[in-house]
1. Quick check on this structure: which one of Val225, Val190, Val255, Val229 is in contact with a helix residue (DSSP H, G or I) (Cβ under 9 Å, 6 or more places away or on another chain), buried (at least 24 other Cβ atoms within 10 Å of the Cβ) and assigned to a loop (DSSP other than H, G, I, E, B)?
2. May I ask you to say which residue of Gly240, Gly245 is in contact with a strand residue (DSSP E or B) (Cβ under 6 Å, 6 or more places away or on another chain) and surrounded by fewer than 22 Cβ atoms within 10 Å (Cβ to Cβ)?
3. Across region 135-164, what is the total count of residues that are assigned to a helix (DSSP H, G or I), surrounded by 18 or more Cβ atoms within 10 Å (Cβ to Cβ), touching a residue at least 40 places away in the same chain (Cβ under 8 Å) and not charged (D, E, K, R)?
4. Please determine whether any residue of region 295-302 is touching a helix residue (DSSP H, G or I) at 6+ places or on another chain (Cβ under 9 Å), farther than 23 Å from Ser369 by Cα and surrounded by 22 or more Cβ atoms within 10 Å (Cβ to Cβ).
5. For the subset of region 121-130 comprising residues that are modelled with pLDDT of 95 or more and open to solvent by 20 Å² or more (accessible area, probe 1.4 Å), which member is nearest to Ala204 (Cα to Cα)?
6. Starting from region 233-246, take each residue that is within 13 Å of Ala342 (Cα to Cα) and outside any strand (DSSP E or B) and list its partners that are open to solvent by 10 Å² or more (accessible area, probe 1.4 Å) and not aromatic (Phe, Trp, Tyr), counting only C-beta distances under 8 angstrom and pairs at least six apart or across chains.
7. Looking only at residues in region 374-396 that are open to solvent by less than 20 Å² (accessible area, probe 1.4 Å) and over 14 Å from Ile276 (Cβ atoms), which one is nearest to the chain's Cα centre (by Cα)?
8. Pairs only if they're at least six apart or on different chains, beta carbon under 8 angstrom, first in region 426-453 and on the phi > 0 side of the Ramachandran plot, second part of a strand (DSSP E or B); list them, first residue then second.
Amino acid sequence: MAASSSVLPKPISSSLSTHQQRHNSLSHPISGNLSFRFRNSDTFSLQYSSSVSLGCGFETSGARFKVFSSSATQVMDQSPSKSANSTVPTTVDVDLGNRSYPIYIGSGLLDQPDLLQRHVHGKRVLVVTNTTIAPLYLDKVIHALTIGNPNVTVESVILPDGEQYKNMDTLMKVFDKAIESRLDRRSTFVALGGGVIGDMCGYAAASFLRGVNFIQIPTTVMAQVDSSVGGKTGINHRLGKNLIGAFYQPQCVLVDTDTLNTLPERELASGFAEVIKYGLIRDAKFFEWQEKNMDALLARDPNALAYAIKRSCENKAEVVSLDEKESGLRATLNLGHTFGHAIETGCGYGKWLHGEAVAAGTVMAVDMSYRLSWIDESIVKRVHTILKQAKLPTVPDETVTVDMFKSIMAVDKKVADGLLRLILLKGPLGNCVFTGDYDRKALDETLHAFCKS
């Protein structure tokens, strides 16, 4: 086995010491057996066994979805106090025909080499990681890729850590290493890190030699519950977030929940914004579970975390299976993101974590939904309460003005023919719409309520 590394030197973020000093231990997730399949007729209004509705009015035909999971526990029955002792990972399958792939979820999965090796088809691997994660997990991943597999050679490239480095200059470092190492089309790229690393590695894999295989190993809650699943890859532009990229699916996603042991508290909380989102837009029972278990999640209870990750991945897998390229339904996963991306861009990438901006953006989207009389006040209060409980912000940065919001939102990816479409809540909890048909006065009122003119 040969392994080499290319480092782009940048200051390590102040969170590194916190990241490396976390030592909470996670036990293994509960296991069982479960599979369901959904077939829709005229509209997305599907019910699953936990009585959760998609609640979104998009038309489709012939869509098919499968989830395979090793836990059949109902949402409201899952208790963080239950013991977990199985080494068999929970598996959620993203059903995309011949591009389907598994999401493995469990404790100690980096110590199960076969999970990674079965998805490496050539002899060359490039691990893309950052200055925070490399000292923690790079050697373990290289060992998992090569033990008992002497024909595989692993290279690595270590990038600076942070949203502010999610750009073309940093991406070129991945291409530089791949070309200098003479990697070929049978090579596999491995993303080891959070959402920034996953997005950039995936985009590099989609572009290098017009496409090579890649694997996601997410190490943050944000990446484990959302960004590593579904094939969205890309980089930021100074005028807007994630405006350059591609849809490109991984070979597998390996979620080792033990990597959350070293995650700083701020990063942990940030990821819960995406977990909360799933409950609000399509899974009311899951939201109710979160209301009862948020303290356990913040305390890193292993069973609570494993369940939240599994349920989030099941929701994401279903939506991606039905609408891979975000023609309608998948856009609903962006609740709060249009406002949130404006906060991130307006403040400068890296000042706000993605989940923090999404949390504040979610409050704004919920406020607008209420102004349109699409939801009742109890939902507004519950959203505020759970975000506060999760230690997430509920207002945007004071430096982002109304005009800045409007300017940045005008180039959002969900703009079509000059019309800004938004994801808003409508009806009972767990229901939403993706629409451009709303009263512009409500948007203006929301922006002025939260921002300076």
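1. Sole residue among the options that is in contact with a helix residue (DSSP H, G or I) (Cβ under 9 Å, 6 or more places away or on another chain), buried (at least 24 other Cβ atoms within 10 Å of the Cβ) and assigned to a loop (DSSP other than H, G, I, E, B): Val229.
2. Of the residues listed, the single one that is in contact with a strand residue (DSSP E or B) (Cβ under 6 Å, 6 or more places away or on another chain) and surrounded by fewer than 22 Cβ atoms within 10 Å (Cβ to Cβ) is Gly245.
3. Residues of region 135-164 that are assigned to a helix (DSSP H, G or I), as a first pass: 135-146, 163-164.
After this cut, where a residue has to be surrounded by 18 or more Cβ atoms within 10 Å (Cβ to Cβ) as well, the list is 136-138, 141-142, 144-146, 163.
Of the ones still in play, those that are also touching a residue at least 40 places away in the same chain (Cβ under 8 Å) are 136-138, 141-142, 145-146, 163.
Those still in the list that are not charged (D, E, K, R) too: 136-138, 141-142, 145-146.
Count: 7.
4. Kept after step one, since they are touching a helix residue (DSSP H, G or I) at 6+ places or on another chain (Cβ under 9 Å), are these residues of region 295-302: 295-298, 300-302.
Among the residues that remain, those that are also farther than 23 Å from Ser369 by Cα are: 295-298, 300-302.
Of the ones still in play, those that are also surrounded by 22 or more Cβ atoms within 10 Å (Cβ to Cβ) are 297, 302.
So far as region 295-302 goes, yes, one or more of its residues are touching a helix residue (DSSP H, G or I) at 6+ places or on another chain (Cβ under 9 Å), farther than 23 Å from Ser369 by Cα and surrounded by 22 or more Cβ atoms within 10 Å (Cβ to Cβ).
5. Restricting to residues being modelled with pLDDT of 95 or more and open to solvent by 20 Å² or more (accessible area, probe 1.4 Å), the top hit is Arg124.
6. So the pair list comes out as Leu239/Thr345; Leu239/Ile408; Leu239/Val411.
7. Pro396
8. Pairs that qualify, where the first residue is on the phi > 0 side of the Ramachandran plot and the partner is part of a strand (DSSP E or B), are Gly430/Ser53.
The values are calculated or read from the model by the stated rules, or taken from the named source; none is laboratory data. Predicted model, so just to flag it, every value in this text is computed and none were measured. Cβ: placed from backbone, ideal geometry, glycine included. Neighbour counts: every protein chain shown. Ligands, DNA and RNA are stripped out before the accessible areas are found, and what is left, the full protein with its side chains, is counted by its heavy atoms. Shrake-Rupley method; radii C 1.70, N 1.55, O 1.52, S 1.80 Å.
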